[in-house]
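Notes for the one structure printed next.
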Amino acid sequence: MTGSRRVLQVGCGPSGVSLLRQLLPRLAWAGAEARVEVCDPAEMGPGLAFSTPYDLHLLNVRAGLMSLSPDDRGEFARWRARRAAPALSASPGGATPGGVAGPGGANGTDTADTADTADYPPRRLFGDYACTVLAETVRTARDAGQPVDLSAERAVALCPAGAGRWRARFSSGRSAVYSTVILALGHLPSRRYAGAEGGPSFLSSPWGDLALPAGHTVGIIGTRLTAIDAALALRERGHTGRIIMASRSGRLPSVKGRVVLPELSLLPRFVRGHRTGTATLYQVAEVIGREIEAAEERPIDWAAALHPPPTTSAELRRDLESADSPWQSVLTAIVPWVPDLWRILDPPGRDLFMSSYLSLWAGRIASFPAITAGRLLEMMDSGQLTVRGALAAVEPSGARHRMRFDDGPHLDADLIINATGPGYGPDSLAANPLTAHLIRTGLATPHRHGGIAVDLHTLEVTGADGRPGKGLHVIGDLTRGEFLATNAVVNSVRQSVELADVVSGRLTRASCR
């Protein structure tokens, strides 16, 4: 098969799995004889966040709202119920391994009355589900005679090969020409504290081996979801030493309880009534506030709404007591609309949001379940865990590391874990060989709000000349600057549908020619 009918997908986490699931059937239906190759040196399917082995790492979105199917929101919940059924029948208490209660009916809603793990099960289960979807997608395609190749190769460079084609070079030294290349790279590393890296006492990622002496003092950089994951992983491993979670703000995420999605009555009409770049930040905030007022049946208290998320144990306890507030359900319902709201927001509004409100919004929208907050509160109440703000610097100090603060004395730690979450800026792009090569050669350009610039309609990478590179597409976190909420599964699935339509249409036209 010639390079004119070869597709390369680089990366295969949940976004990549969703894309394959949409793309392969479209190619088959259209009669486009294309060979699809997928390369990823990591395990294909779960991606970084869902490959965690720890039971205390829970989903922060209800299981009944998580799915890699655009038309079946309850697919994951039903998959989980089928998987749990043998354990439920065998266990006298009716609990599945890891304490996960099985969900209810085929609509994907959970019926357990009190068990938070019914709503928010361990993330590794969603990773297993993604692996199942990938295996079924590839098997179905191959059974139909559709060629799909999976490899653990690492793509390190791309360059134009003429006639709208792309030559990919791999770490093995192999190179090949493709008509279409899709980047589904997932999370890039955070490089905010790269200057402190080096030696066994600094872990640049919380996803590696956390085996260390149980009594060591551990400093965790970050206080949001990734940092909480690191603290809970230490707890699950039986760590007894002191843990300090620190960031510039010192703010934890908001706490969410049971979420029942409301019917949004105002926001859809608001989005339809605005062209790209015409809405102000005030207008967007107003319509979200009116949706919250409708859900809570009272005027919104903007002082409370704009109050930062918790940092002390008292504030966390207060958030736990109000975890089932309707505004949490409204924010969950808004998540699929965030790319549209970001698209219609005017440039001054985008700049103001990124400079003044991003941290507050992230703490509210990327909240964590009450059961996780309760575990964190136990660690804080026992004195094992301290949450600090005003982090100024982290630096080597002999065989240890020192955390410096603007508002108090420094703290020394035997081990530092960088848990600042995914990276989106130029430093993170430069840390990945493939994105670094694309930017260095002018084939891609960093977006001022994170990730790389892409065409809104085709998801093609925009080069330094301002034009999209035909046949070079991107999906997921790399599109953050254009769509903002790119790490939500529901938005990744939406992107996969749109990109599959674009790619299959282009390949179908090429086959006809």
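The values are calculated or read from the model by the stated rules, or taken from the named source; none is laboratory data. Quantities reported herein were computed from a predicted structural model and do not represent experimental measurements. All Cβ positions, glycine included, derive from the backbone under ideal geometry; neighbour counts span all protein chains shown. The accessibility values were calculated without ligands, DNA or RNA, using every heavy atom of the protein model including side chains. Shrake-Rupley method; radii C 1.70, N 1.55, O 1.52, S 1.80 Å.
When +1 charges are put on Lys and Arg Cβ atoms and -1 charges on Asp and Glu Cβ atoms, the dipole computed for the range 186-342 relative to its Cα centre reaches about 420 debye. Element breakdown for the range 137-227 at a 1.4 angstrom probe: carbon and sulfur atoms account for 51% of the accessible area.
Compute the acute angle (0 to 90°) between the alpha-carbon long axis of helix 14-30 and the principal axis of greatest extent of the alpha-carbon atoms of the chain; round to the nearest 10°. Orientation of helix 14-30: about 30 degrees from the principal axis. Using the Cα gyration tensor of the range 298-410, with a ≥ b ≥ c the square roots of its eigenvalues, what is the shape: rounded (a/c below 1.5), prolate (a/b larger than b/c) or oblate (neither)? Because a/c hits 1.5 or more and a/b fails to exceed b/c, the range 298-410 counts as oblate.
If the chain between residue 205 and residue 457 were fully stretched, how many nm would it gain, using 0.36 nm times the residue separation less the Cα-Cα distance?
Working: separation 252, 0.36 × 252 = 90.72 nm, distance 3.39 nm.
Full-extension gain reported as 87.3 nm.
Computed about the Cα centre, the dipole magnitude for the chain is approximately 1500 debye when only Lys and Arg (+1) and Asp and Glu (-1) carry charge, each at its Cβ. Taking other residues whose beta carbon is less than 12 angstrom from the beta carbon of residue 276, and scoring Lys, Arg as +1 and Asp, Glu as -1, yields 0.
Counting only heavy atoms of the protein chains, get the accessible area per residue of the chain (1.4 Å probe) and round it to a whole Å² value.
Details: 21490 Å² over 513 residues.
I get 42 Å² per residue for this part.
Indicate the gyration tensor shape class of the range 235-348 (rounded, prolate or oblate), computed on the Cα atoms with a ≥ b ≥ c the square roots of the eigenvalues: a/c under 1.5 is rounded; otherwise a/b larger than b/c is prolate and the rest oblate. Spell out each step's value before the answer.
Working: a/c = 2.33, a/b = 1.82, b/c = 1.28.
The shape class here is prolate.
Taking the longest Cα principal axis of the chain as reference, the axis of helix 123-143 is set at about 10 degrees.
Label zone (residue 142, point 7 Å along Cα-to-C-beta; backbone nitrogen cut-off 15 Å) within the range 24-68: 36-39, 44. Dipole orientation for the range 396-513: of the candidates 464, 496, 508, 508 has the Cα lying most toward the positive pole (charges on Cβ; Lys, Arg +1; Asp, Glu -1).
Using Cα pairs closer than 8 Å and at least 6 residues apart in sequence, work out the relative contact order for the chain, in percent. Please report the intermediate quantities before stating the final value.
On the way: 1011 pairs, mean separation 107.4, N = 513.
For the chain, the relative contact order is 21 percent.
Distance from the C-alpha centroid of the range 458-513 to that of the range 345-383: 29 Å, rounded to the whole angstrom. Apolar share of the accessible surface for the range 261-304: 51 percent from carbon plus sulfur atoms, 1.4 Å probe. Among rounded, prolate and oblate, which fits the chain when a ≥ b ≥ c are the square roots of the eigenvalues of its C-alpha gyration tensor, a/c under 1.5 means rounded, and a/b larger than b/c means prolate? In terms of gyration-tensor shape, rounded.
Between the listed residues 70, 53, 32, the Cα displaced farthest toward the positive end of the dipole of the range 26-80, a dipole computed from Cβ unit charges relative to the Cα centre, is found at 70.
Would you work out the charge dipole size for the range 1-70 about its Cα centre, treating the Cβ of every Lys and Arg as +1 and the Cβ of every Asp and Glu as -1, and quote it to the nearest 20 debye? Intermediate results must be reported in sequence, preceding the final value.
Working: 6 positive and 5 negative charges, 64 e Å.
Dipole size: approximately 300 debye.
Summing +1 for each Lys or Arg and -1 for each Asp or Glu, what net charge is found among the other residues whose Cβ lies under 12 Å from the Cβ of residue 429? Local net charge: +1.
Using a probe radius of 1.4 angstrom, the carbon and sulfur fraction of the accessible surface of the range 354-475 is 51%.
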